[in-house]
Amino acid sequence: METSPSPGLLADPLNLRNRKLVAAKVLVDILRRFPATRRISPIELPIGDVARLLHAAVGGAALETSPEQSGSSTEGIGVYVALACGTYRYDRCTRLLSMVSPLDIRVQLSALDQLPLAPLNLLYVACTAQGGCLRAEDTTVLSALNTAALCEHVDRFCKMQGLVAAARGWLARNLLSASVGMAGGEYLLLAQSIGRPQGVPGRSA
């Protein structure tokens, strides 16, 4: 005898009621698909390579936006860029970098996983919508999905450019947030480290 699905399953087939669980599953999937690697060379990338990656892979990615946010739409995510010369906030709309700290936080990125320093690191943060009707829990899944989309877009670009990209989730989040000066509505989800494969010589811009 067939049994019909419960009304709860029909109304919520993806179990989106537990949004934190859904977001966690998305982020775990990122870490499985783009595992951390120790083959990233610490050699600094030419500034031209960094600019092209940010412009094409980060700024050029199509992300989901929330239709509930009045005024400017929100993607529920922010991107910080950690280099040897400091840490910057990347604006996807203007595709410009603005320095938030002159500190080299790459050592802090490796505080827990002990991975070698990578020349370029992207820090993806969940951003609570401000000035709109969205609550923090409403952006949880949106932030995770857009983080996944950016990681995949960056990884695809890196493969075409002969670079290595690795997602990292074991992070000293409180330490990094304080060092960067993240806003109260921001939460560090994960980082993506990028560089040339070990043994591949660098090149000039």
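The values are calculated or read from the model by the stated rules, or taken from the named source; none is laboratory data. Treat the numbers as computed from the prediction; the structure is a model and nothing was measured. Note that we place each Cβ from the backbone using ideal geometry, even for glycine, and neighbour counts take in every protein chain shown.
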With respect to D49, determine if the residue is out of contact with any strand residue (DSSP E or B) (no Cβ under 7 Å at 6 or more places or on another chain), at pLDDT 90 or above and surrounded by 12 or more Cβ atoms within 10 Å (Cβ to Cβ). yes
So, of the residues in the stretch 83-131 that are surrounded by 16 or more Cβ atoms within 10 Å (Cβ to Cβ), of a type in the set (G, A, S) and touching a residue at least 60 places away in the same chain (Cβ under 8 Å), which turns out to be farthest from C158 (Cα to Cα)? A129
Exclusive hit being modelled with pLDDT under 80 and either under 16 Å from A126 (Cβ atoms) or touching a Leu at 6+ places or on another chain (Cβ under 9 Å) (or both), set E68, E64: E68
Exception for W170 within (1) outside any helix (DSSP H, G or I); (2) surrounded by fewer than 17 Cβ atoms within 10 Å (Cβ to Cβ); (3) out of contact with any Leu (no Cβ under 8 Å at 6 or more places or on another chain) falls at (3)
Quick one: is R156 modelled with pLDDT of 90 or more, farther than 14 Å from L123 by Cα and in contact with a Leu (Cβ under 9 Å, 6 or more places away or on another chain)? no
